[in-house]
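Quick notes on the structure that follows.
The values are calculated or read from the model by the stated rules, or taken from the named source; none is laboratory data. Because the structure is a prediction, the values reported are computed rather than measured. For neighbour counting, all protein chains shown are included, and Cβ atoms are generated from backbone atoms with ideal geometry for every residue, glycine included. Accessible surface areas use protein heavy atoms only, side chains included; no ligands, DNA or RNA. Shrake-Rupley method; radii C 1.70, N 1.55, O 1.52, S 1.80 Å.
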Amino acid sequence: MPANLDLLFRNHHGELKRMAYGRLGDREAAADVVQDAFLRYAVMAQSERQAAIESPRQFLWRIVQNLIIDMARRRRRRGEHVCIDDVA
């Protein structure tokens, strides 16, 4: 499994990061989302559900997209932080 995950990372990390950056506009957030996606994939692949992952690339894309949606929802709930001096 580690060799497979390493190969997936080498083959798809760049494209996933570019996609996430395109949606988020923040390189650090994009890197965090992609790292979290690979972590979630690794956990899922080690479980008994590994056989259910037919297309690892598509699965990783879906994880990244879901994490981006979750991040946008969290940001909306928190609202925008504004300095009190800017408001006055």
With the first residue restricted to the range 25-44 and required to be free of Cβ contacts under 8 Å to residues at least 12 places away in the same chain and more than 16 Å from residue 59 (Cβ to Cβ), and the second required to be of a type in the set (Phe, Trp, Tyr) and open to solvent by 20 Å² or more (accessible area, probe 1.4 Å), Cβ contacts under 6 Å at 6 or more apart or on different chains are 27/21
Which one is farthest from residue 70 (Cα to Cα), of the residues in the range 21-45 that are open to solvent by less than 30 Å² (accessible area, probe 1.4 Å) and touching a Leu at 6+ places or on another chain (Cβ under 8 Å)? 45
Identify all residues within the range 15-73 that are of a type in the set (Phe, Trp, Tyr) and within 15 Å of residue 5 (Cβ to Cβ); write none if there are none. 38, 41, 59
Mind listing just one residue for me: the one in the range 66-88 that is within 14 Å of residue 20 (Cα to Cα) and open to solvent by less than 40 Å² (accessible area, probe 1.4 Å) and, of those, modelled with the lowest pLDDT? 71
